[in-house]
Amino acid sequence: MTTVKTLLEIPELRLRLRTGAGQLGRAVSRIYVTELPDPSRYVSAGEVVLSGLLWWREPGDAGPFVAALARAGVAALAASGADTGGIPPDVVQACAQHRIPLLEVPADLSFAVITERVVLELAAARGREPSGARKRLLAAATEDISLPALLRQGAIELGAPCWVLSGTGRVVAGTAVPPEDLVAHFVPGREVTVHDGYALMPVGGSFAVPWLLAVAQPEPGELAAELAELVRLARARADQVRRMSGRAAEPLLQALADGGPVGDAFAASGLPADTELRVLLARAPDESPALAAEVLAELLAEARPLVGVVGEDAYALVAGPGNWMRAAAEALTRLDRLMSLSRFHLGSGGPASVDGLHGATQEARHAVELAARRGGRIELVAGEDIAVHQLLAAGAPDELRRSVRERVLGPLLAYDAAQGTDLVHTVRVYLECSSSPTAAARALHVHVNTLRYRIARASELLGVDLNDFVTQVDVYLALLVTV
C-alpha cells in the first residue's frame, strides 16, 4: 500500500512535510492536479492533490480550498510555492486545522516528474510492474509535455491512430485527420462509447468543458485508459500555463472593466502595440465566473485568447481577423449537448486598437446585457450586429430606464392596463413599419382605418404627434428600454 509517508521517502521528489505528521499513514489512491479555487466537485477520497497555488490570491483564500479537500477525504495536499513566494502561511494553517498533510514541492521540480514517480509507485504497490508500453508513455509525458508528442507515442503503443477532441468539436491534438463530427456520437456518462469502429473515452479532471480521447479501435484496453489519464495531466499543466497568462492580463482587464488607463497594463500584457483586439465578455449567471472563463477559453482556443475574470464577468481579448463570435456560436451548440450550462450569455465589441479598447469593452458589455434580455438559455450577441438605437438603449441604467418608461409612455401604459387594450404594441409596430399605416395594418391584421384610429388615440393619450419624426425617435427609444 502506498501512503503519504511513502511519498515523503522517495528521495528524488524531495518533498518536505509542512504539517500533518499525525496523518502520514493515509493510503494514496492516485494523484490529481487542480488550480480551481473550489475543487469540491472533482476531488475524491485517497487522492494526493497537486497544486501550484494559482488559485491563491490573498490571505483567507486557503480556508475554502482546504475545507473542500477535507470534506472529500483526500490523502494530502502537495503544493508548490514557486508562484506565491513560498507556501502562504494561511495554507499551512488551514491544512493543520483540517488535518490535511501538506507536502511542499521544490520550486525546481516539475509536476510531470512528480506525477510519473507517483504513478510508478502506485503501480508497483498494486503488485504489477508497469509494462514497457506504459513506461514509454510515462517517459513521453515527462520528457516532452506537449500533447501532440504524447499522442504520437500513444498511437505507436496502441498501434492505432488516436486524437484528443474537445466537447466543442475542436481537434486538440491527433495523429491523423479524425472522422467528421465524431464527438456527436459520444454518450455522456459512459466510460467508453463505441461508434463505427472508434472508441471514445472521457478525459477526466477538474474541467467543466469535457475532452475525449478517441482511438481507432472498437475495444480499447488498459493502455488506452492510461493514455487518457496522461492526457488529463497534460491538460492540467496546459491549464496552469493558461491561468498564468491570464494573470499577466489581469491588470489590463481590470482597467478595461473599471474604465481606468490602459497604457501601462497593455504594455505589460505582452501584446504588440499595433494589435487590434476584439473584447468578448461572458456571463454564466448560475455558475462561477471561473467556469464562464473556462468555457470562453475553450470556445476561442484556436485564437489563443487572453482570458481572465473581473468581478462576476469573464473577459477574453482576441487578436487578429476572424469571425470569432460565429465560431463560438457553432462550438457552443456542440458543447451544449455534453455539459449542463443552465444559462450562458456572450457579447463582443471591437475590433479596436489600444486607444479604442474602452469603447470596445462598453460595446461588449451592452451586447451581453442585450443577450441576457433576450430570455434564451444560451444567447450570443456581436456588438457589430447591434443597431445604434439598441446600443444606446442597452447602456441606460435601470433607474433611468424606469424613469423614461414612466415619463414617455406612462399614460399609454395606464390606458392599456385599465381598458385591456394593447396600444403600446400598435405604436411599436407602426413605428417599426416606418410610420406606414398600410404596412402596420397589414402586420397587425386590422383595417387601415382601425390602425389610423388607434394611432390618433395613442397620440391623444401621450399628448404628442406620432407623425413627427423627433417624437417618433423618443417614443421608440422608450419602447426599447421597456423590453
Angle between the chain longest axis and helix 357-373 axis [Cα atoms, degrees, rounded to 10]: 80
Can you compute 3J(HN,Hα) from phi for each residue in the stretch 452-462, using the Karplus curve 6.51 cos²θ - 1.76 cosθ + 1.60 with θ = phi - 60°, rounded to whole Hz and x for Gly and Pro? 4, 5, 5, 5, 5, 5, 5, 4, 5, 5, 7
Based on Cβ point charges of +1 for Lys and Arg and -1 for Asp and Glu, what charge dipole magnitude is obtained for the chain about its Cα centre, in debye rounded to the nearest 20? 960
Using the Karplus equation 6.51 cos²θ - 1.76 cosθ + 1.60 (θ = phi - 60°), what ³J(HN,Hα) coupling, rounded to whole Hz, does each residue of the stretch 99-109 give in order, writing x for Gly and Pro? 6, 10, x, 10, 10, 7, 8, x, 4, 8, 9
Would you compute, for the Cα atoms of the chain, the largest minus smallest coordinate along each principal axis and list the three values in descending order, in whole Å? 91, 54, 47
Going residue by residue through the stretch 418-426, the Karplus relation 6.51 cos²θ - 1.76 cosθ + 1.60 with θ = phi - 60° gives ³J(HN,Hα) values, rounded to whole Hz and with x marking Gly or Pro, of 6, 9, x, 9, 9, 5, 4, 5, 4
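Per residue of the chain, what 222 nm ellipticity follows from adding -39500 (n - 2.57) for every DSSP H run with n ≥ 4, rounded to the nearest 500?
-14500 deg cm²/dmol
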Which angle from 0 to 90°, rounded to the nearest 10, does the C-alpha axis of helix 62-72 make with the longest principal axis of the chain? 70
Positive end of the charge dipole of the chain (Lys, Arg +1 and Asp, Glu -1 on Cβ, about the Cα centre): tell me which of Thr275, Thr19, Pro437 has its Cα farthest that way. Thr19
Counting sequence-distant residues (5 or more places) and residues on other chains, those with an amide H built under 5 Å from that of Val74 are Gly46
If we restrict to alpha carbons, what Rg and Dmax does the stretch 151-291 come to, in Å? 19.2, 57
Residue farthest toward the positive end of the dipole of the chain, with Cβ of Lys/Arg at +1 and Asp/Glu at -1: which of Ala418, Ala458, Pro178? Pro178
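Return one quarter of the surface area of the convex hull spanned by the alpha-carbon atoms of the stretch 28-102, equal to its mean projected area, in nm². Numbers along the way, then the final one.
Working: hull surface 16.1 nm².
The orientation-averaged projected area of the Cα hull of the stretch 28-102 comes to 4.0 nm².
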Value of Rg/Rh across the stretch 251-354 [Cα atoms, Kirkwood radius]: 0.97
Roll a 1.4 Å probe over the protein chains and send me the accessible area per residue for the chain in Å². 45
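The values are calculated or read from the model by the stated rules, or taken from the named source; none is laboratory data. Computed from a predicted model, the values in this text were never measured in an experiment. All Cβ positions, even for glycine, are placed from backbone atoms using ideal geometry, and neighbour counts span all protein chains on display. Note: areas computed on protein heavy atoms with side chains; ligands, DNA, RNA excluded. Shrake-Rupley method; radii C 1.70, N 1.55, O 1.52, S 1.80 Å.
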